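The values are calculated or read from the model by the stated rules, or taken from the named source; none is laboratory data. Because the structure is predicted, anything quoted here is derived from the model rather than measured. In this analysis, Cβ positions are derived from the backbone assuming ideal geometry, glycine residues included, and neighbour counts consider all displayed protein chains. What goes into the accessible areas is simple: the full protein's heavy atoms, side chains included, and nothing from ligands, DNA or RNA. Shrake-Rupley method; radii C 1.70, N 1.55, O 1.52, S 1.80 Å.
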Amino acid sequence: MYASREDIGYDFGDDSKVGSKPIKPNPNIDGGWAWMIVLSSFLVHILIMGSQMALGILNMEWLEEFNQSRGLTAWVSSLSMGITLIVGPFIGLFISMCGCRKTALIGGILNALGWVLSAYASNVHYLFLTFGVTAGVGSGMVYLPAVVMVGQYFQKRRALAQGLSTTGTGFGAFLMTALLKYLCTEFGWRNAMFIQGAVSLNLCVCGALMRPLSAKDVSEKCVVRSNSEDNNAKALSRSAETIKSNGVFSEEPEKKEEATNEEVLDSVQHTEIGGKSRSGKNMYGLRVLKTVSQLTVTVRKGFALWYSSYFGAASLFTNRVFVAFIIWALFAYSSFVIPFIHLPEIVKQYNLSSQNNIFPLTSIIAIVHIFGKVILGIISDLPCISTWNVFLTANFTLVTCILTLPLLRTYVSLAVVCALIGFSSGYFSLMPVVTEDLVGTKHLANAYGIIICANGISALLGPPFAGWIYDITDKYDFSFYICGLLYMVGIIFLLIQPCIQKKQPGEKSTEEAQV
């Protein structure tokens, strides 16, 4: 265990060029407009994650309407939930090129379009395309920017801010379930999806609130963070230098490229000024050329940042702790989703349906989950507490509950374990914070895109895997045991890699080896 956040990751930024002059902090960091960003992210979680957790209402309507198998119909909601997370790395490319605000605006329109088109579905396969893919991609284009923007606007209270914003998932599960239930009863499921599409247009409003910070503000935020944690960052300083010596985003080619692009734009501008006496048609063509040139510059710079993050010398995959974090994410999310899906059936097998109908175990998980996110966020922001240690402790608690749950047979004992599952799974609000500590603010969008992609794969394959195990054994016990053990493997990777990382400062860097 380590007391420092910097002990678990690399610093990809190069602050050596920044002077020691006192920096006046931006009032919008940790305050001001930052809380509007939290509100925006909170609403996004209600409209996207809350709606997806309420899809059971529509799933019953689709079963009745299309008379297809439960397995085939369930893939509609599974695709929507999975694609929302799996497209994360590609959404990172959009963010690098267009920024969070434009990406979220486009995603809001796409998500609403998916809901509206699904209202005209004639079969389940049509829903695969309209709801599973279209609405799923739109959801991903809004969800990732909502998380990234909170990370950019907060420094001292990042965990609390992420915790408050992600509580929208729990609130959304209750609100959207009630809303969809009412709309389906009063207007039918087709009109309900049409109305929900109109409601989803509010995602565009949330996207409009995502006012980007200037590059100066972001660099100041990084400097403040590095200064405040400078004494704790020495453990991996040599490792960070090794990565920088291997070519972390070589600046000279980028500068040359920017100079070339500026020359092109200047030439177009001079041509436009010199051609004022020409016809309006030629002027319009020059303006179009200038716009295309500017767009090309933006796309090339965004793609260069995205490509170098994944495949360049400074690839995120050179960070061993981050790779271990990805392996953990592949196993973690299914361990949280599986109880939601299979608990009702387990309760039925144990003859506890009468008690569960009064207060469902899944509702206990959802309610306590809300408080868990906020409380764990507050604890992690305490100066004497490490976010990394809180994150690992919550994971250990959750995996213990997953492995213990099949052994319990009474409602009270199951309720206690479900409450612990809900509270410990509040670590989801810490995932963006841990990711930012590992890779820095500059790479947060691309890095967190990879993490939620791994979560999406886990959510997509985990529940069917548990069902397949049940078909073989006629019990859900082995589903929890196997998923719990795989989850434990992911946690062990998280524990091993920081120890390996700790040894690296004693090793020679690439530059020293060459000398």
| note | Projected onto the charge dipole of segment 27-215 (unit charges on the beta-carbon of Lys, Arg, Asp and Glu, signs +1, +1, -1, -1), the Cα from Ser122, Val150, Gly188 with the largest positive-side position is that of Val150
| task | Calculate one ³J(HN,Hα) per residue across segment 114-126 by plugging θ = phi - 60° into the Karplus curve 6.51 cos²θ - 1.76 cosθ + 1.60, and present them in order as whole Hz with x for glycine and proline. | result | x, 5, 5, 5, 5, 5, 9, 5, 9, 7, 5, 5, 5
| message | Can you give me the solvent accessible area of Leu175 with a 1.4 Å probe, rounded to the nearest 10 Å²? | response | 100 Å²
| On the accessible surface of segment 114-196, probed at 1.4 Å, how many percent belong to carbon and sulfur atoms? | 68 percent
| field | Solvent-accessible heavy-atom area per residue, rounded to whole Å², over segment 27-215 at 1.4 Å | value | 38 Å²
| If you stretched the chain out fully between Asn351 and Arg70, how much longer would it get, using 0.36 nm times the residue separation minus the C-alpha to C-alpha distance? | 98.8 nm
| Backbone HN-Hα couplings from phi across segment 479-496 [Karplus 6.51/-1.76/1.60, Hz, Gly and Pro as x] | 4, 5, 5, 5, 5, x, 5, 5, 4, 4, 4, x, 5, 4, 4, 5, 7, 6
| said: For segment 309-503, what does the accessible surface come to per residue with a 1.4 Å probe? Please give it in Å². | reply: 37 Å²
| field | For segment 27-215, average projected area of the Cα convex hull in nm² | value | 10.1 nm²
| Asn202 versus Arg287: modelled label distance in nm, points set 7 Å from Cα along the beta carbon direction | 3.8 nm
| remark: For segment 309-503, the percent of accessible surface on carbon and sulfur atoms (probe 1.4 angstrom, ligands and nucleic acids excluded) is 73 percent
| Which order do Tyr448, Tyr333 take by accessible area at a 1.4 Å probe, largest first? | Tyr333, Tyr448
| query | What is the distance, in nm, between label points placed 7 Å from the Cα along the Cα-to-Cβ direction at Lys475 and at Ile378? | reply | 4.1 nm
| note | The correct ranking of Thr291, Thr169 by accessible area at 1.4 Å, largest first, is Thr291, Thr169
| query | What do you reckon, how do Trp75, Trp328, Trp468 stack up by accessible area (1.4 Å probe), largest on top? | reply | Trp468, Trp75, Trp328
| remark: Label model pair Thr296, Asn191: point-to-point distance (7 angstrom along the Cα→beta-carbon line) in nm is 5.3 nm
| Based on the Cβ-Cβ distance from Leu175 to Leu485, what FRET efficiency comes out when R0 is 45 Å, to the nearest 0.05? | 0.80
| Treating the beta-carbon of each Lys and Arg as +1 and of each Asp and Glu as -1, no other charges, what is the dipole magnitude of segment 40-199 about its Cα centre, to the nearest 20 debye? | 660 debye
